[in-house]
Amino acid sequence: MQERIPKIIVIGPAYVDMAVKADEHPGPGEVVEGTGFTCVPTGSGVNKAVQAALCGCETYLLARVGQDCFGEMVKANLQRHKIYTDLLYATNAMSTGVVVTIVDQRGENCSCRSDGANKVLGRDEVEYAAAEQLIGSADAVLVDDAIPQAAAVSAIRTAQIHKSRVVLSAKLDKPDRQSVHDLDWPMEFYNADVIVLRFKGLMCGAELGAGGEGDLKFIGTELVAKGAKCVVISLGWSGALVIDRQGPRHIRGVAGEVVDQAGCDAAFAGALTACVGTGDGPDRAVRFAIAAEAITRGRFGLQDALPKKEEILTVLQDQPD
């Protein structure tokens, strides 16, 4: 990652996660006694913005929250991480998005999510003069596909008009060849400079089995054929695939202990966008993102596990050429 301070705009959802620890999940009509409770701001938009800020970027989050105590909690958390909240919009008569999770003694989660104000994020917020000005002056814009599609499309269009680089963070259900044919993406998604692709439930490339990496290369190649400039697919501790017009290539992973994988998605996408914002090419940005994800995987927690730029650079220096 080059020595300069890029301006990064992250457009993604914001939630507050209320987690209760209990010996077991309650059955229908049953109440069980909790043994611990946490209430923390989260969401893929918030977490990716935190990682970009930890990489030394001038970071903004464009998102919607409610006019409630949870919205104030999200705002305070962003400010604590030195993330600008100029584009954090408060919504009347709607709550901040909330995730309620019960974690049993085996570590299994049972969750319920209410999108709240995230549902109404749309074109108006993106095309508002102040937002358009910041997007236009950004070195990179990270768009999370978990936001309403109209907002994502508007963000990509706005960034392209002003020649700001776009990273689209997207998730597909299954890592098989049919998944790419079932996509109903708008054409703007394929105009992103980098598409960072993950698959639900896939933590490592080793889980794919024989031929699995070939399927991922096929998916990436198909997306490039549809217009994507570069597709990056994280393989967890196995590294990542980079697919562009030059063909597919495997960037090796960073070995290390696996403790908790909760923040890996945010670490990878946020760190990669930070590098893209400095003008780094895809291979260099992916190596930086792989190191960030490896550090996060070896720690407990989510935002507390996300690494600073100096930690990432130290890991990269220790890697063989």
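With r defined as the distance between the Cβ atoms of F300 and C69 and R0 fixed at 25 Å, what FRET efficiency is calculated, to the nearest 0.05?
0.40
Taking the helices alone, the chain has a mean residue ellipticity at 222 nm of -10500 deg cm²/dmol, built from -39,500 (n - 2.57) per DSSP H run of at least 4 residues and averaged over all its residues. Distance from the alpha carbon centroid of region 142-194 to that of region 1-40 works out to 25 angstrom. Residue exposure proxy: S179, S95, ordered by other Cβ atoms within 10 angstrom of their Cβ from fewest to most, comes out as S179, S95. For region 65-115, the convex hull drawn through the C-alpha positions has a volume of 97 cubic angstrom per residue. Distant-in-sequence amide contacts of G66, defined by a placed amide H-H separation under 5 Å and a gap of 5 or more residues or a different chain, comprise G71, T91, T96, G97, A117.
Shown here for region 94-142: GluC sites (Glu not before Pro) in loop regions (DSSP other than H, G, I, E, B) with at most 13 other Cβ atoms within 10 Å, namely E108. For H162, nonlocal amide neighbours, meaning residues 5 or more places apart or on other chains whose placed amide H falls under 5 Å from its own, do not occur.
The loop-placed trypsin sites (Lys or Arg not before Pro) in region 55-116, going by DSSP, that have at most 11 neighbouring Cβ atoms within 10 Å of their Cβ come out as R106.
Model label sites at N109 and C39, defined 7 Å from Cα along the beta-carbon direction, differ in position by 2.0 nm. Each Cα pair under 8 Å and six or more residues apart adds its separation to the average, and for region 120-164 the resulting relative contact order is 52 percent. In terms of surrounding Cβ atoms within a 10 Å radius of their Cβ, F268, F37, F218 rank from fewest to most as F37, F218, F268.
Could you list the trypsin sites (Lys or Arg not before Pro) in region 211-317 that lie in coil according to DSSP, counting only those with at most 11 other Cβ atoms within 10 Å of their Cβ?
On the way: sites: K217, K226, K229, R245, R249, R252, R284, R287, R297, R299, K308, K309; in loops: K226, K229, R245, R299, K308.
Hits after loop and neighbour filter: R245.
Volume per residue for the chain equals 143 cubic angstrom (convex hull of Cα atoms).
Size of region 3-94: Rg and Dmax of its alpha carbons, in Å, are 16.3, 57. In a Debye calculation with equal point scatterers on the alpha-carbon sites of region 167-314 and no solvent, what is log10 I(q)/I(0) at q = 0.21 Å⁻¹? Debye output, listed in q order: -1.36.
So what's the convex hull volume per residue for the Cα atoms of region 61-201, in Å³?
On the way: hull volume 19.9 nm³, N = 141.
Dividing the Cα hull volume of region 61-201 by its residue count gives 141 Å³.
In summary, the lysines within cross-link reach of K200, defined as a Cα separation below 20 angstrom excluding same-chain residues under 8 places away, comprise K48, K171, K174, K217. Here the residues F199, F70, ranked from fewest to most Cβ neighbours within 10 Å of their Cβ, fall in the order F199, F70. Taking only the alpha carbons of region 76-150, we obtain Rg and Dmax values of 15.9, 50 Å in that order.
Read-outs: derived from the displayed coordinates by stated rules, not from any lab. Computed from a predicted structure; not experimentally measured. Please note: Cβ atoms are built from the backbone with ideal geometry, for glycine as well, and neighbour counts cover all protein chains shown.
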